[in-house]
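Some notes on the structure that comes next.
The values are calculated or read from the model by the stated rules, or taken from the named source; none is laboratory data. Note that the structure is predicted; figures quoted are calculated from it, not measured. Because the Cβ atoms are built from the backbone with ideal geometry, glycine has one as well, and the counts that use them run over all protein chains shown. Heavy atoms of the whole protein, side chains included, go into the accessibility calculation; ligands, DNA and RNA do not. Shrake-Rupley method; radii C 1.70, N 1.55, O 1.52, S 1.80 Å.
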Amino acid sequence: MLTYNMDVTPESIWKRTTLSEAERAQPYSCTEAGLFYAQQRFSTARTDKESYILFYTLRGAGLIEQDGNHVVLETGQALLLNCRTAQSYCTAPGQSCWHHYWVHLDGAGVANLAEVLLPQGRLSAVPVSRLEMQPLFESLTSEWEHGTTAAQIETGLLLHRMLALMARQLLAGDESRSNR
């Protein structure tokens, strides 16, 4: 089941592709990506999708819910969500917008890093510098246009860099808490 309210402005971007067998065999692949200038009534709810979704908030805030977990994803925060379990996300209550990058991604590399990024299966907002994350998303959408084998390889590397940035931040936070 999928329900949504696409309350986004016209400059929003949504790119989609169908993966080849070779692309599906890669440790990191993506089928959809975009930049949504979501407004107050933006929302999505689905029961399942065979992928993960990575969000990064540029402005405003989003509310992500899954399995009784609720996370407000604020400006400068990223989150990985396993879409194989029912979930919903929307512009956070009290916010006028949620401007965010997003990408549906999958592969063995994503699944391995999900063990770090979803500790005990719980949603975790991770602070990541916009100076680091935004260029990666911009490169991803640029590479998408090429449709070549080289672009496919670069896309996988970009996805790995995004998730590695998040994992590094999350693990650094865990280490600083355990050293106290």
Accessible-area composition of the chain, carbon plus sulfur, in percent [1.4 Å probe]
50
Packing-wise, with mean Cβ within 10 Å as the measure, how do 41-54, 145-158 rank, highest first?
41-54, 145-158
Largest-first principal axis extents, alpha carbons of the stretch 1-120, Å
42, 34, 29
How high is the relative contact order of the stretch 63-180, in percent, with contacts defined as C-alpha pairs under 8 Å that are six or more residues apart?
27
Distance in nm between label sites at Arg84 and Ser139, each 7 Å beyond Cα in the beta-carbon direction?
2.9
Put Glu65, Glu132 in order of accessible area, largest first, 1.4 Å probe: what do you get?
Glu132, Glu65
I need to check one value: relative contact order of the stretch 1-84, counting alpha carbon pairs closer than 8 Å and at least 6 residues apart, in percent.
30
Determine which residues of the stretch 72-92 fall in the zone a paramagnetic label at Trp14 would reach in this model, i.e. backbone nitrogen under 16 Å from the point 7 Å along Cα→Cβ.
89-91
How do Tyr4, Tyr28 rank by accessible surface area computed with a 1.4 Å probe, from largest to smallest?
Tyr4, Tyr28
Counting only backbone N atoms under 11 Å from a point 7 Å out along Cα-to-Cβ of Glu74, the residues of the stretch 22-64 in range are 61
